[in-house]
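For reference, the structure discussed in these notes is given below.
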Amino acid sequence: MATAPVMEQDRTGGTGHVLSLRGITKTFGAVAALTDVDLDVARGEVVAIVGDNGAGKSTLVKVLSGVHAPTSGTITFEGSEVTISTPADAQRLGIATVFQDLALCENLNVVENLFLGQEIGPARLDEVAMEVKSWELLRELSAKIPTVRIPVASLSGGQRQTVAIARSLLGDPKIVMLDEPTAALGVAQTAEVLNLIERLRERGFGVIMISHNMADVQAVADRVAVLRLGRNNGVFRVSDVSSEELVAAITGASDNVVTQRSARRGAIAKGEPA
Amino acid sequence: MSGTDVEPATEPTAARVATDLQDERLSQGAGGLKGALAGLGSRVRGGDLGVIPVVAGLVIIAVVLQSLNSQFLSAANLENLLLECVPVGVIALGIVFVLLVAEIDLSVGSISGLSAALLAVFYVDRGQSVVLAIAVAVGSGVLIGLLYGQIFNRIGVPSFVISLAGLLAFAGLQLAVLGTKGAINLPFDSALVKFAQLQFMPDWLSYALVLAGGIGLFATGFARAQARRKASLSAQSTVSLAVRSIALIVLVGAFVAYLNDSRGIGYMFVFFLALVLVMHYVLTRTKFGKSLFAVGGNAEAARRAGINVRRVYASAFVLCTTLAAVGGVLAAARLAAANQQSGGGDVNLNAIAAAVIGGTSLFGGRGSAFAALLGILVIQSISNGLTLLSLDSSYRFMVTGAVLLLAVGLDSVARRSRASSGRA
Ligand SMILES: Nc1ncnc2c1ncn2[C@@H]1O[C@H](COP(=O)(O)OP(=O)(O)OP(=O)(O)O)[C@@H](O)[C@H]1O
Ligand SMILES: [Mg+2]
């Protein structure tokens with residue numbers, strides 16, 4: 001995979017945190033999706049959030065992007081406490097999001113989706129500038145999209161995901177959140193997204209990345225925050241944690257279904273006919 | 001826009017392929033006019049019918065009705081037909097906006113009737129100036145839209161129910177406003193009635209406008225093509241732009257000349273046309289227009305893109321009810337009266353049918369301002385032709401119903417073939 005070696009130095013050192021969450025709780029009726037969650041992201045740092053299905057990862061992203069208001073807790077952005085009550089608030093702060101369900105308008109074409117809500121020339125759209133910028137962004141992601149003037153409805157799943165990622169890069173974000181950005185991507189596009197995440201880090205953006213793919217996480221993340229049943233279950237420096245330890249934190253036990261499987265496979269591999 | 005009549009941006013030095021045509025899976029059409037026609041052909045086969053079915057329908061209707069009654073295509077009748085289109089056409093234009101955000105307004109007829117009643121009461125009974133009377137009438141439309149928007153956004157009542165309640169309530173209010181008399185005539189010599197019945201463009205002005213329209217179409221198309229070439233994007237060839245503009249000038253010019261033999265084009269129709277063009281600009285060239293399509297396509301995605309979805313819904317309702325009130329004023333002017341029947345009968349359903357027949361989707365996210373114009377032309381042609389044949393409204397209702405079903409059916413078939421050819 002075309003990814004750079006993992007950075008090992010402490011990236012939070014000295015620069016301070018651009019985003020800090022303290023005690024974030026979010027309940028949906030009787031369900032506590034998030035309980036007392038803390039998270040810090042520094043400039044130029046990639047933080048991965050991992051956890052089982054339903055652990056609350058997407059909910060955390062939605063709280064930060066203004067889709068859901070938190071039930072309680074504080075969000076500090078660039079040193080001052082903020083409330084993010086609408087997606088427009090998040091946009092103004094410079095928090096861009098790629099949602100797990102992508103949130104694209106199927107009836108609009110690629111350019112219209114990319115610039116939705118941030119069109120160039122509100123009273124007289126500059127279609128040319130928007131199309132040029134669209135191609136630029138899509139090239140950067142090695143997008144395999146034949147034309148930007150077709151409705152998103154007729155794109156493949158991976159093409160749509162690329163459009164959603166390209167969307168998040170418009171308009172100078174300070175924090176980019178990607179909720180399972182590579183779930184539907186091909187090999188080359190996944191590598192491009194990982195490259196992109198590293199470029200974002202080099203440019204000094206904070207990146208929050210959600211993934212179920214431990215290889216991807218270990219390839220680009222600086223720190224990994226584990227969520228389990230809506231609570232913090234440890235924050236690890238990627239350089240000093242193994243896959244097994246992460247899986248143990250995710251599932252909540254060192255004796256879990258994943259270790260059992262690998263033990264079984266190990267036994268089979270050693271084989272009987274010794 | 002969607003990949004038709006494209007010509008690779010040609011650079012003097014090398015045959016470079018435009019940025020947007022580099023994917024090898026894109027079929028590279030021939031450039032120029034031939035390419036334009038080929039592109040149109042493949043678009044139609046792919047189910048992207050655009051305005052073709054409506055225009056074809058209009059031609060068929062014209063041929064049939066003309067063969068049944070030779071008066072149908074006479075200049076005098078066509079002039080009349082165009083003017084008859086305007087009041088309900090303006091209302092249909094408003095319907096396009098609510099349909100775009102996947103909502104509905106069933107009360108436009110009652111709102112137009114109430115507006116007509118208010119106009120007549122303030123202008124005739126109270127002797128106010130016509131400007132004030134129009135302001136009150138149209139203002140009532142604005143207020144009703146604001147009310148609908150609040151109820152929809154804050155309480156979450158479906159627009160179907162809100163407007164069904166409005167249909168009844170405002171029909172009642174109309175009766176109350178008209179009082180015991182039940183009908184108020186507008187003076188025939190008032191500017192408003194003259195505007196709707198008697199004022200036609202002088203010949204020179206009509207030709208000048210056609211010419212200006214053709215040249216304007218070419219100029220904007222050419223400017224866009226130049227800008228795209230400069231940015232090394234594909235652009236429409238100058239020849240096909242010129243052919244399009246000349247065709248427009250010749251066809252519309254001939255039609256105008258034909259009408260000019262009689263009285264010509266009524267000012268009220270010009271007003272409608274201007275309104276359609278303005279709304280077309282709003283829908284296709286502004287941020288607000290895009291937000292309407294976005295909300296109709298996926299309201300949650302629009303919200304997450306930072307669009308104030310509630311405001312978009314409220315604007316759509318206000319535009320619709322305001323245009324309905326304007327339609328009511330024009331209907332009163334055309335009739336030179338407001339009465340208990342104003343805005344009743346088939347006004348409501350004709351306005352909605354016109355928007356749909358013209359190609360606006362009932363499910364949101366698809367449609368155009370021209371849908372209102374083309375749809376109302378279809379409906380009024382049928383109504384006018386059947387009246388010439390001295391058939392009563394029973395036939396009119398049945399034929400209009402059949403045409404509506406045909407239009408929606410055609411759209412459903414087209415949608416399926418769009419889905420299979422990637423133009424959904
Ligand atoms: N809008 C909602 N209403 C009610 N409950 C919700 C809502 N959104 C999420 N939840 C609940 O919150 C919990 C966390 O969901 P979330 O989508 O954050 O999980 P996740 O960690 O992203 O999982 P996955 O890996 O499957 O994407 C789940 O139990 C879910 O049922
Ligand atoms: Mg999720």
Taking the condition touching a helix residue (DSSP H, G or I) at 6+ places or on another chain (Cβ under 8 Å), away from ligand 2 (no atom under 16 Å from the Cβ) and assigned to a strand (DSSP E or B), does A:A69 pass?
-> no
In the range A:155-182, what residues are within 16 Å of ligand 1 (Cβ to nearest atom) and either assigned to a loop (DSSP other than H, G, I, E, B) or touching a His at 6+ places or on another chain (Cβ under 8 Å) (or both)?
-> A:E180, A:P181, A:T182
Is there a residue being at positive phi and not in a helix (DSSP H, G or I) anywhere in the range B:341-356?
-> yes
Those residues of the range A:36-66 which are assigned to a loop (DSSP other than H, G, I, E, B) and either farther than 13 Å from A:S20 by Cβ or touching a Phe, Trp or Tyr at 6+ places or on another chain (Cβ under 8 Å) (or both) amount to A:R43, A:G44, A:G51, A:D52, A:N53, A:G54, A:A55, A:G56, A:S65, A:G66
In the range A:89-107, what residues are over 22 Å from A:H17 (Cα atoms) and within 7 Å of chain B (Cβ to nearest Cβ)?
-> A:F99, A:A103, A:L104, A:C105, A:E106, A:N107
Neighbours by Cβ (under 6 Å, 6+ apart or cross-chain): first from the range A:212-235, on the phi > 0 side of the Ramachandran plot and buried (at least 18 other Cβ atoms within 10 Å of the Cβ); second of a type in the set (V, I, T) and assigned to a strand (DSSP E or B) | A:G230/A:T35
Assess whether B:A305 counts as being closer than 19 Å to B:Y123 by Cβ and either within 14 Å of chain A (Cβ to nearest Cβ) or at pLDDT below 95 (or both).
-> no
What is the number of the single condition among (1) in contact (Cβ under 8 Å) with a residue 24 or more places away in the chain; (2) closer than 30 Å to B:L21 by Cα; (3) under 23 Å from the mean Cα position of the chain (by Cα) that B:G264 does not meet?
-> (2)
Here is a list of conditions, (1) part of a loop (DSSP other than H, G, I, E, B); (2) within 12 Å of chain B (Cβ to nearest Cβ); (3) surrounded by 18 or more Cβ atoms within 10 Å (Cβ to Cβ), and A:G121 meets all of them except one; can you say which number that is?
-> (3)
Could you check A:I84 against (1) at the interface with another protein chain (Cβ under 10 Å from one of its Cβ atoms); (2) part of a loop (DSSP other than H, G, I, E, B) and say which number it fails?
-> (1)
Counting residues that are within 14 Å of chain A (Cβ to nearest Cβ), which helices (runs of 4 or more DSSP H) fully inside the range B:201-295 reach at least 3?
-> B:203-230, B:267-285
Considering the range A:204-215 alone, what residues qualify as being more than 15 Å from ligand 2 (Cβ to nearest atom) and either more than 13 Å from A:S242 (Cα to Cα) or acidic (D, E) (or both)?
-> A:G204, A:F205, A:G206, A:V207
Within the range B:388-400, can you find the residues that are surrounded by 13 or more Cβ atoms within 10 Å (Cβ to Cβ) and not in a loop (DSSP other than H, G, I, E, B)?
-> B:L388, B:S393, B:Y395, B:R396, B:F397, B:V399, B:T400
Flag if A:A33 is in contact with a helix residue (DSSP H, G or I) (Cβ under 6 Å, 6 or more places away or on another chain), outside any helix (DSSP H, G or I) and over 25 Å from B:A301 (Cβ atoms) = no
Give me a count of the residues in the range A:131-150 that are crowded, with 17+ Cβ neighbours inside 10 Å, modelled with pLDDT of 90 or more and within 25 Å of the chain's Cα centre (by Cα).
-> 6
The range A:169-199, residues that are within 16 Å of ligand 2 (Cβ to nearest atom) and within 14 Å of another protein chain (Cβ to nearest Cβ) = A:M177, A:D179
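The values are calculated or read from the model by the stated rules, or taken from the named source; none is laboratory data. Only a predicted model underlies this, so the values are computations on that prediction, with no experimental measurement involved. Note that we place each Cβ from the backbone using ideal geometry, even for glycine, and neighbour counts take in every protein chain shown.
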